[in-house]
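Notes for the one structure printed next.
The values are calculated or read from the model by the stated rules, or taken from the named source; none is laboratory data. Quantities reported herein were computed from a predicted structural model and do not represent experimental measurements. Cβ placement follows ideal geometry from the backbone for every residue including glycine, while neighbour counts extend to all protein chains displayed. We work out accessible area using only protein heavy atoms, side chains counted, and drop any ligands, DNA or RNA first. Shrake-Rupley method; radii C 1.70, N 1.55, O 1.52, S 1.80 Å.
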Amino acid sequence: MRRGRERRDGEGSVGAQRARSPEEVREALLMYAFRALGQRALSEAELRARMLRRSEDAALVEGVLGRVRELGYLSDEQVALSEARRPGVGAGRVRQKLRQRGVAGALIEEVLEARDPEVEVLEARQLLARRWPGFLRAPDPKRRAFAFLVRRGYAPGLIWSLLKDMPEAGDVLEMDGEGWGGDLEE
């Protein structure tokens with residue numbers, strides 16, 4: 001039994017069907033590029049890799065990439081800006097994602113320099129505050145929170161500065177008890 005969707009005429013490997021003229025192959029690759037970009041913003045490297053899986057003709061792939069770029073549908077700058085604007089992720093995670101997506105190092109650094117460090121601190125603080133009650137259930141909440149924020153791409157120095165102000169599990173219970181306006185034993 002086949003999994004996934006069945007291939008219809010015109011789909012799949014560009015050269016796998018009947019013999020096509022170079023213009024037909026170019027049109028098929030161009031249509032594939034538009035479909036792929038319609039699903040998700042792709043970097044040039046990502047789209048190139050996808051198209052090279054469909055055609056071994058690197059010159060043809062480069063020509064199609066040039067046309068898509070010329071039409072304004074392919075922009076590593078837009079991909080980088082979009083990734084950098086994602087809330088709840090630090091500069092480290094943005095850098096890692098953009099490298100994985102094949103964006104040039106100079107562009108990555110340019111986009112990261114444009115990020116507002118105060119916004120990153122505020123987002124990290126809000127994320128930590130929102131997740132803190134869950135971390136308190138762990139044996140070592142600060143260690144767990146630290147690991148979580150590091151995976152999100154925040155700098156260790158920033159994380160430690162935020163964690164030093166977070167209450168311990170016992171502190172929260174005391175504050176909750178006092179905040180209820182009475183003695184809990186009654």
Quick one: accessible surface of Glu110, probe radius 1.4 Å, all protein chains present, in square angstrom to the nearest 10. 120
Among the trypsin sites (Lys or Arg not before Pro) in the range 61-117, which ones are in a DSSP loop with at most 10 other Cβ atoms within 10 Å of the Cβ? Mind listing them? none
With r defined as the distance between the Cβ atoms of Leu122 and Phe34 and R0 fixed at 30 Å, what FRET efficiency is calculated, to the nearest 0.05? 0.20
Whole-Hz Karplus couplings 3J(HN,Hα) for the range 124-130, θ = phi - 60° and coefficients 6.51, -1.76, 1.60, Gly and Pro as x, run 5, 5, 5, 5, 5, 5, 5
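Using a 1.4 angstrom probe on the protein heavy atoms only, could you order Tyr154, Tyr32, Tyr73 from most to least accessible area? List each step's numbers first, then the result.
On the way: Tyr154 10, Tyr32 35, Tyr73 135 Å².
These residues rank, largest area first, as Tyr73, Tyr32, Tyr154.
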